[in-house]
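Report on one structure; see the data block that follows.
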Amino acid sequence: MRGYKVDNNALKKVLVDKNIKTIQGLSDISGVNRNTCAQVLGGEIYPSSDVMARLANALGLGSEEAGKIFFAQDLRNTKVKVKGG
């Protein structure tokens, strides 16, 4: 299992901050297919490295911010070890 997910809320916040109001608008500035943009934003797919790079570049994300958005920890399926009994 990958262990990472896209932080959709952070990505959507960037869109609001950049005044990008539609998925088509994101598609237009990034060159990423509209359906792919919708699936990434909806959490349906994990984007390829090419798609991540195109989205990050179009949104003006630095490497640290892009890393936090596209490589957020997916803790849902993480097993936790409990000390003691």
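The values are calculated or read from the model by the stated rules, or taken from the named source; none is laboratory data. Here the structure is a predicted model, which is why all the values come from computation and not from measurement. Note: ideal-geometry Cβ built from the backbone for every residue, glycine included; neighbour counts use all protein chains shown.
Of the residues screened, Gly43 is one that is modelled with pLDDT under 95 and farther than 15 Å from Leu61 by Cβ. When the residues of the range 38-67 are filtered to those that are exposed (fewer than 14 other Cβ atoms within 10 Å of the Cβ) and among the acidic types (Asp, Glu), the one that is nearest to Lys21 (Cα to Cα) is Glu44.
Taking the listed residues Ser30, Ser63, the one that is of a type outside the set (A, V, I, L, M, F, W, C) and more than 17 Å from Lys12 (Cβ to Cβ) is Ser63, with no other qualifying. Residues that are in contact (Cβ under 8 Å) with a residue 40 or more places away in the chain and farther than 16 Å from Phe71 by Cα within the range 1-59 comprise Leu15, Lys18, Leu59, listed in sequence order.
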